[in-house]
Amino acid sequence: VYILTVTQPGTHEFEIELFATGRKNQGFDRNADPDIDLCLVICRVNDPAKGTGLTCVAFEHSVEYYITLSASLTPGYYMVFATSIRAISPDSLKTPSQSSSSGGGGENPGPPNYFTYNLIFHGETSFALNRTRLPPEIVSDIFYSVAVKENKVKYEFNGFVRTYVISGSCTHAIVVENASTNFTIKTQLNTTSSKNLESTRMVSITGDYIPPRSRQLLVFLTPLNYRSGYVIGYKLDTQIYPYYSTGNYPLIPPAYSGLHALRNF
């Protein structure tokens, strides 16, 4: 996560590049190594110290060793989030490491086989760039801002329950928001009809309780092997649960706790 600050008046073009450079002490073998996905998000942020008040400006997620994201930015504060869904998979034993051409990177401690990457910023005006640490649950807020920007939403129960979908050539994520003040939503998601996809929940059938005035990203799906093709298929069932309740079954894997954090609003 970086906070990018633009101070010059006007609108300025920026380009951000993310390169996966390989595993520690070795490069990628495209024929032998599994596919890895890369993700970039730019959000305008009202409070950079807390990472709150996020509005998504641009988003890109792809199963590639290199992605780029372009955006037109006006003066203000922006959060730049770089990640890989597969690289933080609990069963992959890989932790991403960051470096930046701006001098703000470095290697994070992790298992011997963690991935490394380069993050490069280009701007047509001067800008400040500061690497920052934020609570893990901010990841959930970042992807919620992406879902709002995508605006693919289904309304249920008199509009109090909203299901957002983040979709793309290599992406499918589902966010459920409960705007009511007096009932919990019980969800069951079944992704068994999907093919060649990895789920951040690590299982095919999940259940979650979403209490009043809260939301949760239920799942993020990404291809296991992009060259083999994949099928996105699932069934989402939402029901009114008359009592206040929270919980997830099975439990959310610790590596994805921030992504799937229950967030109140």
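What follows draws every value from the coordinates through simple rules; no lab data is involved. Here the structure is a predicted model, which means the values were calculated and not measured. Cβ coordinates were reconstructed from backbone atoms using ideal geometry, including for glycine residues, and neighbour counts include every protein chain displayed.
Quick notes on this one:
- Binning the alpha carbon pair distances of the stretch 211-257 at 10 angstrom intervals from zero yields the distribution 15, 41, 31, 11, 2, expressed in whole percent.
- Cα-centred dipole magnitude for the stretch 147-265, charges only on beta-carbon of K, R (+1) and D, E (-1), debye, nearest 20: 160
- Net length gained if the chain between V231 and N46 were fully extended (0.36 nm per residue, minus Cα distance): 62.8 nm
- Computed over the stretch 161-265, Kirkwood Rh from alpha-carbon pairs, angstrom: 14.1
- Gain upon complete extension [F157, L251; 0.36 nm per residue less C-alpha separation]: 31.2 nm
- Distance between the stretch 49-84 and the stretch 178-202 - C-alpha centres, whole angstrom: 25
- Each label point was placed 7 Å from the Cα along the Cα-to-Cβ direction; for T181 and R131 their separation is 4.5 nm.
- Charging the Cβ of each Asp and Glu at -1 and of each Lys and Arg at +1, and nothing else, the dipole of the stretch 119-172 about its Cα centre rounds to 40 debye.
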